[in-house]
Every structure is written in C-alpha cells, then in structure tokens.
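S.K.: Can you read through this structure? Questions will come right after.
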Amino acid sequence: MSITKKPYGVDLIGREMTLYTMTNKIGASVSVLDFGAHLVSIQVPDKNGKMADVCLGFDCFDDYDQKSGYLGATVGRYGNRIAKARFTLNGKEYTLFPNNGRNNLHGGREGFDKKWWKGETLETDGEDTVLFTYVAHDGEEGFPGKMKVQVTFSFNDKCELTIRYLALSEQDTIVNLTNHAYFNLAGAGNGDILSHTLQIDADCVTDVDKELIPTGEFLPVAGTPLDFNQPMKIGDGIARRAECRLIDEANGYDTNYCLKGEGLRKVAELKDEESGRVMKVLTTEPGVQIYSGQGLKLVGKNGLAYGAYAGVALETQHYPDSPNQPHFPTTTLKAGDTYQSTTVYAFSAE
C-alpha cells in the first residue's frame, strides 16, 4: 500500500488544498480531498481486470467549492433534512438555516462539505488511512456545542473502503454524519444506473410528505417498488412509480430505509451486470438513504455530463428529522460522550 499527496487548488485565503490517494497492491485506488473531506475517486477493476473510476466527482477544487450536488462530500453536522429548520433540545429551541425550501439539509448554508479539514496519513501493510479533523464552533449554522469531528478513510488490498466517524462535543448537541458519494459501477460518466441491481435488508421505510420530511409513520415495503429485499434493477422499480407515491413524487428514489439488525453488518449490495462490479455496503447505522440521482445536472470529471440517474447515493445514517421525531433512533450527542459510526464499501467483481 502507498499514499501520495498532490496540490489541488488554493482557497480565497491562500490555503492550499491537498488530494490524498491510497493505492493497493493491484493498482486499485481511492482519492480523498481535505476540502469537505470529499471522496473524489474510487478506481476498482471489473471482471476482466479493467480499472474504472466508479465515484462521481470533479476535476478541481473550484468545482467542489462552487458547484452543488454534494458529490462525495462528508455532510454534517446533520446529514439529511430537519423539518422547518428547527429542533428543540433540553427544552431550548434552535433555529437553523433553511437551505432546502423551509427545511434544513445536510448542515445548512455552509456545512462540513464546505470546510477545510486537517489531514494526516498512516501507511501499514495491507491498508492505508487518511484521517481528517475539523472543529465546529458553538453556534455554527445554528447548532449548539463546540464539537471536534474526525473522519478516517481506510483502503486495503481487498478493495474495501472503510469510513469511520468520531465526534466529541463540549455541550449537548445533535449529530448525523454520512458521506454523499454517488456510485456508478460502470464508471462515472458512463451512462446511468437504472440497470444496476440493488438489494437492501429493510422491511420498511420512513414515510415522507411532499417536502421529503418524515411524517413519523413507517411504510412496509413488501410487494411494492420500494422492496429491495430481493435484488431488483433500480430502473424496474422506478418504472412502477404509479404504484408508489414516494417514488412518483420524487421522480425516483429519495428514501430512507430502516435497516435490519445492529452493529457492523452487511445491509445492501449494488451490482452492474455488464462490468461485473459489485459493491457491498456494511454499516453500524440504523438507516440508509437511497437517492437515485434524478436531480443531477452537472459537468463532472473529464468534462463528462452527469445527467439524471448518472449515479446512486447510498447514504448510511440515522433517519431524517430525528430530532423532531422522538420515536426515531436518537441523534442526540451528550456532552462528554463519543459519537462513533462506521461504514464499509467493499468492492469486488464477478
């Protein structure tokens, strides 16, 4: 294993950004950027050994700074939506920035995806690690508590990408961290993901209104186009949109799945039949937000167009709007306690 570093642009105050690339023994690699702790590139082989980048992204720092879409971003302090951009904690109401209609999304106007993270590296036999650290101040984007956050990206000779999150706060707060990578196992910019097969271990999803805010109810997936307990092509589910209000209103999937089990376990699998690439998802989180990329309209790496359904996001996380839904798994982090979360994206080919 080896880690290389290269300059990746300069911000407005003259601070140089750095791209870190971890390469394993077969030449597969993962690149991460200290700006926004972005996952920039994942180069893995297909069934014939041909490498391709399966992670949607951009070619330069300026694009990550100025364009939207959260491609590969570490999102926080709270990933996903908070209704009406407000929540109550310990009897006090906190008001956030409404950047998604009247709601708060992915941390607000300038979330963790727009911050510079201090990077460190660790090379070991069979696995490399890049550790990013950021300190969010008390009141940042309206959230309470000065909070130290660490995100580590580790890549090994088995082509397993492990993302670990850790957070400590000086006062009670809320936290829900995830990575917003978009995957296309045929290669980023190489068509859409509608023919990708997806499997998810979940019997229900959180019901949402037209603003994609949870109603507090859970919807069983059995017999509906939301049911991925058996592998199904993403496009086949979307083609049945008339049977499912959530898919029809969102023009695709933008849905939180309530995952079975606890601890670090396999919860999902994505596969592209033509290339043979497979991505297994393991996580400690209770939910995964599946977003089929219907809103994508960007120019990405190598000038390639990322249109609707160019990639699919599998955002492992707690449920959206948990601070306003007491019966959801809690996202409250008590002062002095440690927030920990782990997700693994394991790549193979068959």
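S.K.: What do you reckon, is Gln199 surrounded by 16 or more Cβ atoms within 10 Å (Cβ to Cβ), in contact (Cβ under 8 Å) with a residue 24 or more places away in the chain and polar (S, T, N, Q)?
M.R.: yes
S.K.: What is the one condition in (1) in contact (Cβ under 8 Å) with a residue 24 or more places away in the chain; (2) open to solvent by 10 Å² or more (accessible area, probe 1.4 Å) that Thr133 does not satisfy?
M.R.: Every listed condition holds for Thr133 apart from (1).
S.K.: Kindly establish whether Ala313 is touching a strand residue (DSSP E or B) at 6+ places or on another chain (Cβ under 8 Å), closer than 21 Å to Val221 by Cα and either hydrophobic (A, V, I, L, M, F, W, C) or buried (at least 17 other Cβ atoms within 10 Å of the Cβ) (or both).
M.R.: yes
S.K.: Checking Lys266 against (1) under 20 Å from Ile234 (Cβ atoms); (2) over 20 Å from the mean Cα position of the chain (by Cα); (3) open to solvent by 30 Å² or more (accessible area, probe 1.4 Å), which test does it fail?
M.R.: That leaves (2) as the condition not met.
S.K.: So, in region 169-193, exactly how many residues are surrounded by fewer than 18 Cβ atoms within 10 Å (Cβ to Cβ) and either in contact with a helix residue (DSSP H, G or I) (Cβ under 8 Å, 6 or more places away or on another chain) or on the phi < 0 side of the Ramachandran plot (or both)?
M.R.: Residues that pass the stated criteria total 4.
S.K.: I'd like to check something: does region 151-164 contain any residue that is under 30 Å from Pro326 (Cβ atoms) and not β-branched (Val, Ile, Thr)?
M.R.: Yes, the conditions are met somewhere in region 151-164.
S.K.: Tell me the residue from Lys334, Lys301 that is charged (D, E, K, R) and closer than 15 Å to Thr173 by Cβ, please.
M.R.: Checking each option against the conditions leaves just Lys334.
S.K.: Ala313 passes all but one of (1) of a type in the set (Gly, Ala, Ser); (2) touching a Lys or Arg at 6+ places or on another chain (Cβ under 8 Å); (3) closer than 17 Å to Thr74 by Cα; which number fails?
M.R.: Failed condition: (2).
S.K.: Here is a further query. Only one of these is under 19 Å from Ala85 (Cβ atoms), crowded, with 20+ Cβ neighbours inside 10 Å and not charged (D, E, K, R): Leu161, Leu212. Name it.
M.R.: Leu212
S.K.: Shifting gears a bit: Please pick out the residue among Leu219, Leu264 that is in contact with a strand residue (DSSP E or B) (Cβ under 9 Å, 6 or more places away or on another chain) and either farther than 29 Å from Phe347 by Cβ or modelled with pLDDT under 95 (or both).
M.R.: Step by step, each of Leu219, Leu264 is checked, and only Leu219 is in contact with a strand residue (DSSP E or B) (Cβ under 9 Å, 6 or more places away or on another chain) and either farther than 29 Å from Phe347 by Cβ or modelled with pLDDT under 95 (or both).
S.K.: From the set of residues in region 227-238 that are more than 20 Å from the chain's Cα centre (by Cα) and in contact (Cβ under 8 Å) with a residue 12 or more places away in the chain, which is surrounded by the most Cβ atoms within 10 Å (Cβ to Cβ)?
M.R.: In the first step, residues of region 227-238 are kept if they are more than 20 Å from the chain's Cα centre (by Cα); the result is 227, 229-233, 235-238.
Now restrict to residues that are in contact (Cβ under 8 Å) with a residue 12 or more places away in the chain: 229-233, 235, 237-238.
Values: Asn229: 14, Gln230: 8, Pro231: 13, Met232: 18, Lys233: 16, Gly235: 15, Gly237: 23, Ile238: 20.
Restricting to residues being more than 20 Å from the chain's Cα centre (by Cα) and in contact (Cβ under 8 Å) with a residue 12 or more places away in the chain, the top hit is Gly237.
S.K.: Select, from Tyr319, Tyr253, Tyr291, the only residue that is open to solvent by 10 Å² or more (accessible area, probe 1.4 Å), among the hydroxyl-bearing types (Ser, Thr, Tyr) and within 18 Å of Tyr70 (Cβ to Cβ). Talk me through it step by step, then tell me what you get.
M.R.: Details: Tyr319 fails: within 18 Å of Tyr70 (Cβ to Cβ); Tyr253 fails: open to solvent by 10 Å² or more (accessible area, probe 1.4 Å).
Selected residue: Tyr291, the only one of Tyr319, Tyr253, Tyr291 that is open to solvent by 10 Å² or more (accessible area, probe 1.4 Å), among the hydroxyl-bearing types (Ser, Thr, Tyr) and within 18 Å of Tyr70 (Cβ to Cβ).
S.K.: Is it true that some residue in region 158-173 is farther than 26 Å from Thr95 by Cβ and of a type in the set (Phe, Trp, Tyr)?
M.R.: no
S.K.: Let me confirm something: among Ala222, Ala250, which residue is without any contact (Cβ under 8 Å) to a residue 24 or more places away in the chain and among the aliphatic types (A, V, I, L, M)?
M.R.: Among Ala222, Ala250, only Ala222 is without any contact (Cβ under 8 Å) to a residue 24 or more places away in the chain and among the aliphatic types (A, V, I, L, M).
S.K.: Select from region 194-211 the residues that are touching a helix residue (DSSP H, G or I) at 6+ places or on another chain (Cβ under 7 Å) and either at pLDDT below 95 or outside any strand (DSSP E or B) (or both) and list them in ascending order.
M.R.: The answer is Leu194, Ser195, His196, Lys210.
The values are calculated or read from the model by the stated rules, or taken from the named source; none is laboratory data. The structure presented is a predicted model; accordingly, all values stated were derived computationally and were not measured. Positions of Cβ are generated from backbone atoms using ideal geometry, with glycine treated the same way; all protein chains shown enter the neighbour counts. These accessible areas exclude ligands, DNA and RNA; they are computed on the full protein's heavy atoms, side chains included. Shrake-Rupley method; radii C 1.70, N 1.55, O 1.52, S 1.80 Å.
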